[in-house]
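What follows is a short report on a single structure.
The values are calculated or read from the model by the stated rules, or taken from the named source; none is laboratory data. All values reported here derive from a predicted model rather than from experimental measurement. For neighbour counting, all protein chains shown are included, and Cβ atoms are generated from backbone atoms with ideal geometry for every residue, glycine included. Side chains are part of the model used for accessible areas, which takes the heavy atoms of the whole protein and leaves out ligands, DNA and RNA. Shrake-Rupley method; radii C 1.70, N 1.55, O 1.52, S 1.80 Å.
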Amino acid sequence: ATSRQEEAMTELEEARPKTSSAKLLDNLRLMGVGEAVANTVAFMATPLLMPSLFAKMGWTLGIGFTLYSAALTYVTGLILGDICTHSPHLHSYPLVAEAAFAQLFAGPLGGSAEKASAWEHRRRRAGRAGKRCVQVLQFACYYLTGVAELIYFEQYLAELLAHLPICQRGWLLVATALAWPTMMVPTFRESRWASGATLALLIFNQGILAYEVFSVAPWATCDAWPQVEEKIDIGSVVRGMTGIAYAFGGHGLFPEQIREMAQPERWPRVMTWTYSIVCPMYFGMGALGFYAYGSNAKANLNANFPNNTPNVISIILQCVQEMYYIYFSGLALMLQVELALGVSPLDWCRSSASADGGSGRKGAASQVEGGTSRQSEGSDDSNGAGPAASENENESSEEDSGDTHGSSSSGAGTTSGSSEDVGSNELRERSVSSSSIG
């Protein structure tokens, strides 16, 4: 059965139109274990949300369902890592779903050619249906996640600047304008600095929660007096379950993050570190917040705090965090579009390197391998092969600020020459090594 599944997966990959080359994907494999852990924890962890979820479900169901969700997403995350490591062409959730649905309809071994052809048709059709279904779900999920984070952002801004006569729609426009520049981040690996900063702010905010609970009496100055646990009904339990599912929402981007790892086989280490950090946060902050505020615990826990300096600092820090959450939600969707169109997300690095005379980012050098050198003359930058050629070749330039002279190309062994008369037409040959995304 395993051999048949592997054979079906290989046949499916061979039959699928090549939307992105193996080299394009290889160029993305730059992310280390620490960077993957920082991204996964920073996007997944929502510890200040947990008290409100415990309030909806109570102690027993809240802790129990959180344990269940943690175990389920951890185990399935390891399974996804195993799939993506052994089948690198399955580099996104929709592609994993396509292979899985196709295997369900692989059909029995043997039989007539007519029956085998019928099963093959069903298999391909099932794979395409599964891929489209999961793609729609993933786009809807993370688009709505971005919308939810925008709403959080505008709420924080409205709390900070309550004296300004701006309505919710106005604050949404402000939040969108502030978050818009962050959409230029091209890959998960390039998010490493933002994720590290977000993680530090997240830990600091948990310290503020502990301060508000132990050092002040928040219910003395607002309506957050702890109440006895209210009767739990099916509606509140379902709402709590969806909230806990959201708290482990980073699971939906695991294949996309594995795609960028330099060593995908080390994904189990990423999972172990991620859940070793996130789970203590969830149980600790959830229990502390629920103990302090009871059924009054709000999804925006800052609304339970008194209007003191630590609360203001917490809101400011969460505004900064929201900038990360908003763009990260859309990053996987943008990458799907770019890779489907055969566009490298790192093309901007190569363009920057070209504008700097070939001395740009290190990432640009890793984009194109095995290129050949070409002739470069002092005043030739404006000729037709300029930026376009520099995006598709790995070149070493030689410039002469004096007289124009010929140089020999290294790598491909072709020669180029120039005439002695500067005013005459020049004949030269170039050996250009095109990249996979010409």
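Using the heavy atoms of the protein chains alone and a 1.4 angstrom probe, what is the accessible area of region 44-121 per residue in square angstrom?
Values: 3610 Å² over 78 residues.
Solvent-accessible surface per residue comes out at 46 Å².
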Problem set entry | region 298-331 residues near the modelled residue 246 label - backbone nitrogen below 11 Å, point 7 Å along Cα→Cβ | 299-300
Seminar exercise, completed: Of every hundred units of 1.4 Å-probe accessible area on region 72-169, the number belonging to carbon and sulfur atoms, as a percent, is 67 percent
Seminar exercise, completed: Filtering trypsin sites (Lys or Arg not before Pro) in region 231-294 by DSSP loop and by at most 15 other Cβ atoms within 10 Å leaves 231
Exercise. For the peptides 338-344, 186-192, 24-30, what is the packing order when you average, over each peptide's residues, the other Cβ atoms within 10 Å and list the highest mean first?
Worked result: 186-192, 24-30, 338-344
Problem set entry | FRET efficiency for residue 112 and residue 133, using Cβ-Cβ distance with R0 set to 41 Å, rounded to 0.05 | 0.85
Seminar exercise, completed: Expressed in nanometres to one decimal, the distance between label points 7 Å along Cα→Cβ at residue 287 and residue 164 is 4.1 nm
Exercise. Given labels modelled 7 Å from the Cα in the Cβ direction, how far is it in nm from residue 197 to residue 303?
Worked result: 2.9 nm
Exercise. Taking amide hydrogens as modeled 1.01 Å from N in the peptide plane, which residues meet the under 5 Å criterion relative to residue 31, leaving out close sequence neighbours?
Worked result: 261, 262
For this session: Return, ordered by residue number, the residues of region 259-291 whose backbone nitrogen is under 17 Å from a label point located 7 Å along Cα→Cβ of residue 78.
Result: 265-279
Exercise. Could you give the nm distance between label points at residue 340 and residue 184, where each point is 7 Å from its Cα heading toward the beta carbon?
Worked result: 2.6 nm
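Calculate, in nm to one decimal, what residue 119 and residue 148 gain on full extension: separation in residues at 0.36 nm each, minus their alpha carbon distance.
Gain in length upon complete extension: 6.1 nm.
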